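Participant: One structure, as structure tokens, below. Some questions next.
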Amino acid sequence: MGLNLTQKIIKAHLISGEMKPQSQISIRIDQTLTQDATGTMAYLQFEALGVSRVKTELSVSYVDHNTMQEDFKNPDDHEFLRTVASKHGIVFSKPGNGICHQVHLERFGKPGKTLLGSDSHTPTGGGLGMLAIGAGGLDVAMAMAGSPYSLKMPGVVRVVLTGELPAWVTAKDIILEVLRRETVKGGVDKVYEYSGPALKTLTVPERATITNMGAELGATCSVFPSDDVTLNFLKAQGREKDWIRLEADSDAIYDREIQMDLSKLEPLAACPHMPDQVKSIRELEGLEVQQIAIGSCTNSSFVDIARVASILDGRQVHPNVSLGISPGSRQVLLNIAEKGYYQKLVKAGARILECTCGPCIGQGFAPPTAGVSVRTFNRNFEKRSGTADAKLYLVSPEVAAVAAIEGKFTDPRKFGNYPKVQMLEKFSIDDSMIIYPPADGSKITIKRGPNIAPLPLGKPMASELSGETLIVVGDNITTDHIMPAGKYLPLRSNVPEYAKHVFEGVDKEFANRAKAKNGGFIIGGENYGQGSSREHAALCPMYLGVKAVLVKTFARIHLANLVNFGILPLTFKNADDYSKISLSDHLEIDVSNLNGKLTVKNQTKNQSYEVAHSLSDREIEIIKSGGQLSYEKMKNNA
Ligand code: MIC
Ligand code: SF4
């Protein structure tokens, strides 16, 4: 029996476990990436592990999220990251060099390699044929220290692409269509593996748009084969030596199959406030827009920006619209400038923003009150833009450019000829903002500004957990709900300060209540913790004394982060029990035997509920120790 591509890469990296769906496996990690907003914690954790030099083939530290530099906090983080990278053998991509996923695709990704990144959109690398997985910072720190990465063996969904995209229909519409069909929780513990005759029509950056937004399915990752298209991209990057051919066996077995005829697709948009609320642009026609934001790790490649420039060429941005463009990398910026596209953008009235995440994570360029913001990004969660009542729509760069001119949603197919823009055969390459570490970093002094607070450690778990219900939330709660980013992003390296804002947008009193009650429990619905990889959504609740989270189902990365920080993740055996628990109910759970039957006693209502977990023996030990770092310490002292 043949293997699919996912199984092939996993097999080549398997350290332990069996390749059966749902069983716990561990794999060797070849490359890691971090970005600054998760990276400061990841490197503090790496330091705590006491390893002098990273043990991976390649580890890269990017600065792309926190670049507003309103005061000392962001630049202090940058200095910490720069010096810690030099000391420990990590490549450093300076602020301004680009968004981690775009730069990694251009300069470092290699087909067939495993990549673990402390950012949920790390699967972008799947566009190059990598097994690229998002994880919490601590898991990435462990991988840098040479530990294998543990995960559930994913089921593999084959997505068969046939036909060809019509004019004005794009890779973004492919992934929006997958999201429409599969939903934001459809992909948990699955890999989406793309195949079929249409593959040869999709360039690597287009494939990367698709794998990037596979994160919104909740998937472990998405992957494309490495073929001649991949070779052409690597050649254009001067990296043909990194290419290998990689594809599924012809008799490979998959868990499920999705068929998609690209010629039948039309331009789509994800409507407020979830990436799976997909409608056709036809249905939205005429809706006035106030802001357009083009960029993010989803849609900021050379062709994306050059096509926008070609659409805008000789035209003007609508008087009622503000158009912001963040090229994905300095390479994209350089190449659109060299080929004359930059000028077209400026002449049309676009505002050129830095090559960073920027508006995608609420770092500037917020929409007006109740404004309609049309974005080429991957997430449209409520409040993420920085304006609480803004309405965010996710679309292709083409749809965004046409809306920028028209001032309203307009089916681009009516707009005129689809501009022909090809990927370059050879990009202008300038790696001067990538800093390589010295062979011996032992003499380097790490700079720690006042915003770099010490790392909090969890306490070993008691044999009984008791306390109050601190909050009851519904389905699809995102990590943006739990731990808002935006204006609080500069607090990422300062847990005591950041923890004051846990659940702020949902319940302003949460942090005070948690402190006053000496911790307690969180109750949630389906797909709890979807979205980002930010471990602060577990670390800060841990700091506030949260003992367990009881939900209907968890999102993958958040579940792993809860374990890493010693918070017990439990699911209701009977989903109806969820609605029986109210705020302030006093709960007790005997956890002396985590492998036995687990019952939650609601002392306030005199009820009890059966709960379960999916933890491995190792994960149980980690939780009992108070989290991964305490576990490692205990292991080392034993
Ligand atoms: C995001 O898109 O939400 C982020 C900001 O990139 C996060 C990481 C973070 O919170 O720092 C992600 O996607 O993992
Ligand atoms: Fe940055 Fe947005 Fe991509 Fe997250 S989703 S890495 S914030 S561009």
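Only the coordinates and a few stated rules stand behind these numbers; no lab work does. These numbers come from a predicted model, not from an experiment. Every residue, glycine as well, gets a Cβ built from its backbone with ideal geometry; the counts of neighbours run over all protein chains shown.
Participant: Based only on other Cβ atoms within 10 Å, what is the fewest-to-most ordering of Arg384, Arg82, Arg28, Arg330?
Facilitator: Numbers: Arg384 26, Arg82 20, Arg28 16, Arg330 23.
Sorted ascending by nearby Cβ count, the order is Arg28, Arg82, Arg330, Arg384.
Participant: Gap in Å between the Cα centre of region 241-320 and the Cα centre of region 461-498?
Facilitator: After rounding, the separation between the Cα centres reads 32 Å.
Participant: Suppose R0 equals 60 Å; then what is the FRET efficiency for Ser428 and Met19 from their Cβ-Cβ distance, rounded to the nearest 0.05?
Facilitator: Numbers: r = 42 Å, r/R0 = 0.71.
My answer for the efficiency is 0.90.
Participant: Going by the alpha-carbon gyration tensor, a ≥ b ≥ c the square roots of its eigenvalues, is region 577-631 rounded (a/c under 1.5) or, if a/c is not under 1.5, prolate (a/b greater than b/c) versus oblate?
Facilitator: It is prolate, given that a/c is not under 1.5 and a/b is the larger ratio.
Participant: When the Kirkwood hydrodynamic radius is evaluated over all pairs of different C-alpha atoms of the chain, what value in angstrom, to one decimal, is obtained?
Facilitator: 24.6
Participant: Can you order the peptides 150-156, 343-349 by their average number of other Cβ atoms within 10 Å per residue, highest first? Mind dumping the intermediate values first?
Facilitator: Values: 150-156: 21.9, 343-349: 17.6.
Order by mean packing, descending: 150-156, 343-349.
Participant: Test of understanding: extend the Cα→C-beta vector of Arg28 to 7 Å, then name every residue of region 55-71 with backbone N under 12 Å from that spot.
Facilitator: Hits in region 55-71 for Arg28 at 12 Å: 56-57.
Participant: If you don't mind, another one. In whole Hz and in residue order, list the ³J(HN,Hα) couplings for region 299-313 that follow from phi through the Karplus curve 6.51 cos²θ - 1.76 cosθ + 1.60, θ = phi - 60°; x for Gly and Pro.
Facilitator: With coefficients 6.51, -1.76 and 1.60, one gets 9, 9, 6, 4, 5, 4, 6, 5, 5, 4, 4, 5, 5, 6, 3 Hz.
Participant: About its Cα centre, how strong a charge dipole does region 246-316 have in debye, to the nearest 20, once Lys and Arg get +1 and Asp and Glu get -1 at the Cβ?
Facilitator: Computed charge dipole of region 246-316: roughly 460 debye.
Participant: Looking at Leu424, Ser93, Gln277, which one has the Cα that reaches farthest to the positive end of the dipole of the chain (charges on Cβ: Lys, Arg +1; Asp, Glu -1)?
Facilitator: Farthest towards the positive end: Ser93.
Participant: In terms of modelled amide H atoms, which long-range or inter-chain residues lie less than 5 Å from the amide H of Ile292?
Facilitator: Amide H neighbours of Ile292: Ser322, Leu323, Gly324, Val374.
Participant: Let me confirm the definition first: pairs of Lys residues in region 332-482, 8 or more apart or on different chains, C-alpha distance under 29 Å. How many are there?
Facilitator: The number of close lysine pairs in region 332-482 is 20.
Participant: Using the Karplus equation 6.51 cos²θ - 1.76 cosθ + 1.60 (θ = phi - 60°), what ³J(HN,Hα) coupling, rounded to whole Hz, does each residue of region 629-634 give in order, writing x for Gly and Pro?
Facilitator: 5, 5, 4, 4, 4, 5
Participant: Right, here's the next one. What angle, in degrees between 0 and 90 and rounded to the nearest 10, separates the Cα long axis of helix 397-406 from the longest principal axis of the Cα atoms of the chain?
Facilitator: With rounding to tens, the tilt is 70 degrees.
Participant: Grab the DSSP H runs of the chain that are 4 residues or longer, score each as -39,500 (n - 2.57), total them, divide by all residues and round the 222 nm result to the nearest 500 deg cm²/dmol.
Facilitator: Dividing the helical sum by the residues of the chain leaves -8000 deg cm²/dmol.
Participant: For Gly163, what charge total do you get from the other residues with a beta carbon under 9 Å from its beta carbon, if Lys and Arg give +1 and Asp and Glu give -1? Intermediate values should be presented prior to the final figure.
Facilitator: Working: positive: Lys264; negative: Glu164, Asp261.
Cβ neighbours under 9 Å give a net charge of -1.
Participant: Working out 0.36 nm times the residue gap between Lys459 and Asp228, then minus their Cα-Cα distance, what length gain in nm do you get to one decimal?
Facilitator: Full extension from Lys459 to Asp228 adds 77.9 nm.
Participant: Counting other C-beta atoms within 10 Å, which of Glu266, Glu425, Glu632 has the fewest, and how do the rest follow? Kindly include the intermediate steps, with their values, before the conclusion.
Facilitator: On the way: Glu266 15, Glu425 8, Glu632 20.
By the 10 Å Cβ count, ascending, the order reads Glu425, Glu266, Glu632.
Participant: Would you work out which of Ser310, Ser614, Met461 lies farthest towards the positive end of the dipole of the chain? Charges go on Cβ: Lys and Arg +1, Asp and Glu -1.
Facilitator: Met461
Participant: For the pair Lys573/Thr599, report the inter-label distance in nm, with labels modelled 7 Å from Cα in the Cβ direction.
Facilitator: For the pair Lys573/Thr599, the computed spacing is 1.0 nm.
Participant: I've got another one for you. Dipole size in debye (nearest 20) for region 560-638 around its Cα centre, Lys and Arg Cβ +1, Asp and Glu Cβ -1?
Facilitator: That gives a dipole near 100 debye.
Participant: How do Lys235, Lys391 line up, fewest other C-beta atoms within 10 Å first? Intermediate values should be presented prior to the final figure.
Facilitator: On the way: Lys235 15, Lys391 20.
By the 10 Å Cβ count, ascending: Lys235, Lys391.
Participant: Provide the percentage of antiparallel DSSP beta bridges, counting only those with both residues in the chain; round to the nearest 5.
Facilitator: For the chain, the DSSP antiparallel bridge percentage is about 35.
Participant: Quick check: pseudo-label points 7 Å beyond the Cα along Cα→Cβ at Ile352 and Ser592, how many nm apart are they?
Facilitator: Between Ile352 and Ser592, the label points sit 6.9 nm apart.
Participant: If you don't mind, there's one more thing I want to ask. So what is the relative contact order of region 145-228, in percent, for Cα pairs below 8 Å that sit 6 or more residues apart?
Facilitator: Relative contact order comes out at 38 percent.
Participant: Roughly how many Å is it from the Cα centre of region 69-86 to that of region 548-619, as a whole number?
Facilitator: 38
Participant: Could you state, as a whole-number percent, how many of the C-alpha pairs of region 48-87 are farther apart than 17 Å?
Facilitator: In whole percent, the long-distance tail amounts to 40.
Participant: Between Gln69 and Glu338, what length in nm is gained on full extension when 0.36 nm per residue of separation is reduced by their alpha carbon distance?
Facilitator: Gain in length upon complete extension: 94.0 nm.
Participant: Can I ask one more? Short version: ³J(HN,Hα) in whole Hz for each residue of region 447-452, in order, from phi by Karplus 6.51 cos²θ - 1.76 cosθ + 1.60 (θ = phi - 60°), x for Gly and Pro, what are they?
Facilitator: With the stated coefficients, region 447-452 comes to 8, 10, x, x, 7, 8 Hz.
Participant: Hey, got the dipole for the chain? About the Cα centre, +1 on K and R Cβ, -1 on D and E Cβ, debye to the nearest 20?
Facilitator: Details: 71 positive and 70 negative charges, 141 e Å.
Approximately 680 debye in magnitude.
Participant: Now, a different point. For a quick protection proxy, order the peptides 443-449, 319-325, 284-290 by their average other-Cβ count within 10 Å, most packed first.
Facilitator: 319-325, 284-290, 443-449
Participant: Now for a separate question. Packing-wise, with mean Cβ within 10 Å as the measure, how do 34-41, 503-510 rank, highest first?
Facilitator: Descending mean neighbour count gives 34-41, 503-510.
Participant: Apply the Debye scattering formula to region 484-638, with a single equal point scatterer on each alpha-carbon and no solvent, then give log10 I(q)/I(0) at q = 0.20 Å⁻¹.
Facilitator: At q = 0.20 Å⁻¹ the computed log10 ratios are -1.42.
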